[in-house]
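The values are calculated or read from the model by the stated rules, or taken from the named source; none is laboratory data. These numbers were taken from a predicted model, which means no experiment stands behind them. When we count neighbours, we look across all protein chains shown, and the Cβ atoms used for this are built from the backbone with ideal geometry, even at glycine.
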């Protein structure tokens, strides 16, 4: 089994928040503020104004019919910027035109972002994330770790007793994420819980006693080998038929600060069982979820999975429906 030895301890000094001013993004903003104050880190706030690409703009200004939307976005973005600065977080903000996925990824690369934060707006596990296919593509393609805050997620908070949960199935693409979990624990002084889920029943005989012991010892080995764990980790092996639900229930029971997952940089974005397992966990988790993807292969094609707008009216209606007015 590969372990994450001889790797530097990750650090988070620059945070990028991509927001569409929805309710989910508001919770993600609160999470970003808490993290930036704790780490500490600087915050960049990005809003992608996709309507710049919908119609040819006039010689000056925004495309006809979208000036009001652009001005509202500027006001909302300025409100977030001032709130962040009043909280003592070094901050900047910008509105960028273009397709959401490409713009978010390009901004993160240009700014050498250490951590990217998104909100999720799905009400149920199998629904899309707040940006539709945008969040999916960002999670798969981002060169830095990504935190997503689902509709049931609470902001991280500053209670040091709340653990950071590192969940793994021991796949090579998931093990390296323990270093990031340990780094968050180091910054927040939170305990580290290492968790794996076995698809076994409690009446499986003697094996039900031996296998969890072996898996728990393997978890402990992975955690210690990260080289960044301050406190002895709590290592748990739980039997459960469904990986996302088991992790979510454990996170609720322990009042988790954050869940940390290692994921694959692949079109199917699979690391824990079925294709939708990771998405279900993200949108149903009671806390923010930090995902760390393995480096993309050179052969992977750049595919943003961006839906084509059907009309200017549909775009405008969608934006108005999901945004949150800021007084």
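The set of residues from the stretch 235-257 being in contact with a strand residue (DSSP E or B) (Cβ under 7 Å, 6 or more places away or on another chain) and closer than 13 Å to residue 284 by Cα comprises 243, 246, 247, 250, 251. Return a yes/no flag: does the stretch 206-219 have any residue that is touching a helix residue (DSSP H, G or I) at 6+ places or on another chain (Cβ under 7 Å), modelled with pLDDT of 75 or more and surrounded by 12 or more Cβ atoms within 10 Å (Cβ to Cβ). No, the stretch 206-219 contains no residue that is touching a helix residue (DSSP H, G or I) at 6+ places or on another chain (Cβ under 7 Å), modelled with pLDDT of 75 or more and surrounded by 12 or more Cβ atoms within 10 Å (Cβ to Cβ).
For residue 4, the conditions (1) surrounded by fewer than 23 Cβ atoms within 10 Å (Cβ to Cβ); (2) within 22 Å of residue 147 (Cα to Cα); (3) in contact with a strand residue (DSSP E or B) (Cβ under 6 Å, 6 or more places away or on another chain); (4) modelled with pLDDT under 90 are fulfilled apart from (3). For the stretch 90-121, the set of residues classified as assigned to a loop (DSSP other than H, G, I, E, B), within 23 Å of residue 75 (Cβ to Cβ) and modelled with pLDDT of 95 or more consists of 90 only. Being at pLDDT 70 or above and out of contact with any helix residue (DSSP H, G or I) (no Cβ under 8 Å at 6 or more places or on another chain) is a property that holds for residue 71. Hey, does the stretch 232-251 have a residue that's farther than 19 Å from residue 11 by Cα and at pLDDT below 75? Within the stretch 232-251, none of the residues are farther than 19 Å from residue 11 by Cα and at pLDDT below 75.
Scanning the stretch 147-173 for residues that are at pLDDT below 85, surrounded by 24 or more Cβ atoms within 10 Å (Cβ to Cβ) and closer than 12 Å to residue 292 by Cα returns no hits.
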